[in-house]
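Heads up, the thing below is written out as structure tokens.
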Amino acid sequence: MKTVIIVFLLGVGCTLLGGFLFLTRGGMPVRTEGGPLPFERLIAHMALHHAIGADGDKPSPIPADATNLVAGAHVYREQCAVCHGELGRPPSATAKGMFPMPPQLLPPKTGVTDDPVGETYWKVRNGIRLTGMPGYAPSLSDTEMWQVSLFLLHANELPAPAQDVLRR
């Protein structure tokens, strides 16, 4: 029995040491040009889903009217467009150089129009570690974060004034 415990502890120790050496001796890709590690997408998706939790179902406290969608377009243009794309344009050099590449959120590719507005708000507010997505709680008001979240929810059906803001 003692031998089994010793072999088990040695196995765990070797696994931990091997993982540590892999991470610290250049085995882990740190350049933006590589693909994800095995299971990286799955683990990151699961962690994000659990972190958002019930906050993802939170309804917006402001209406999705033209005024708020236009205000959200202003926030998007100033804070988000460089990474998440401009209306009808290809991804920027900044977006192409990131890993993972940020989703393009405006037509023709609308990335979060099927996500609950609370989930988008959570991502805007808190950011997502190791993706380049910053948290905007220190720099945007709560209303601005809800406005841009509503704007993204309705990105495939924006009123003309909101589209005009994006085309400037």
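Condition check: hydroxyl-bearing (Ser, Thr, Tyr), more than 22 Å from the chain's Cα centre (by Cα) and within 30 Å of Val117 (Cβ to Cβ). Does Thr67 satisfy that? Yes; evaluated as a whole, the condition is true for this residue.
Quick check: is even one residue across region 28-42 over 26 Å from Ser149 (Cβ atoms), modelled with pLDDT under 90, of a type in the set (Val, Ile, Thr) and assigned to a helix (DSSP H, G or I)? No, region 28-42 contains no residue that is over 26 Å from Ser149 (Cβ atoms), modelled with pLDDT under 90, of a type in the set (Val, Ile, Thr) and assigned to a helix (DSSP H, G or I).
List the number of the failed condition for Pro61; all other conditions in (1) in a loop (DSSP other than H, G, I, E, B); (2) closer than 20 Å to Arg129 by Cβ hold. Pro61 satisfies all of (1) in a loop (DSSP other than H, G, I, E, B); (2) closer than 20 Å to Arg129 by Cβ except (2). Of all residue pairs spaced 6 or more apart or on separate chains, those with beta-carbon atoms under 7 Å, a first member in region 156-168 that is assigned by TED's automatic domain parsing to the domain that holds Leu87 and a second member that is in a helix (DSSP H, G or I) and aromatic (Phe, Trp, Tyr) are Ala162/Phe151.
The set of residues in region 90-108 being over 18 Å from Gly127 (Cα atoms) and either assigned to a loop (DSSP other than H, G, I, E, B) or not assigned by TED's automatic domain parsing to the domain that holds Ala162 (or both) consists of Pro90, Pro91, Ser92, Gly97, Leu106, Pro107, Pro108.
Within the option set Arg167, Arg129, being closer than 18 Å to Leu87 by Cα and at pLDDT below 95 holds for one residue only, Arg167.
What residue, of Arg25, Arg31, is closer than 27 Å to Lys96 by Cβ, surrounded by fewer than 11 Cβ atoms within 10 Å (Cβ to Cβ) and charged (D, E, K, R)? Of Arg25, Arg31, the one residue that is closer than 27 Å to Lys96 by Cβ, surrounded by fewer than 11 Cβ atoms within 10 Å (Cβ to Cβ) and charged (D, E, K, R) is Arg31.
Matching residues to (1) surrounded by fewer than 17 Cβ atoms within 10 Å (Cβ to Cβ); (2) basic (Lys, Arg); (3) on the phi < 0 side of the Ramachandran plot; (4) assigned to a helix (DSSP H, G or I):
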| site | (1), (2), (3), (4) |
| --- | --- |
| Val75 | no, no, yes, yes |
| Cys83 | no, no, yes, yes |
| Gly88 | yes, no, no, no |
| Thr110 | no, no, yes, no |
| Asp114 | yes, no, yes, no |
| Gly118 | no, no, yes, yes |
| Leu130 | yes, no, no, no |
| Val165 | no, no, yes, yes |
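The values are calculated or read from the model by the stated rules, or taken from the named source; none is laboratory data. As the structure is a computational prediction, the values presented were derived from the model and not from experiment. As a convention, Cβ positions derive from the backbone with ideal geometry for all residues, glycine included, and neighbour counts pool all protein chains shown.
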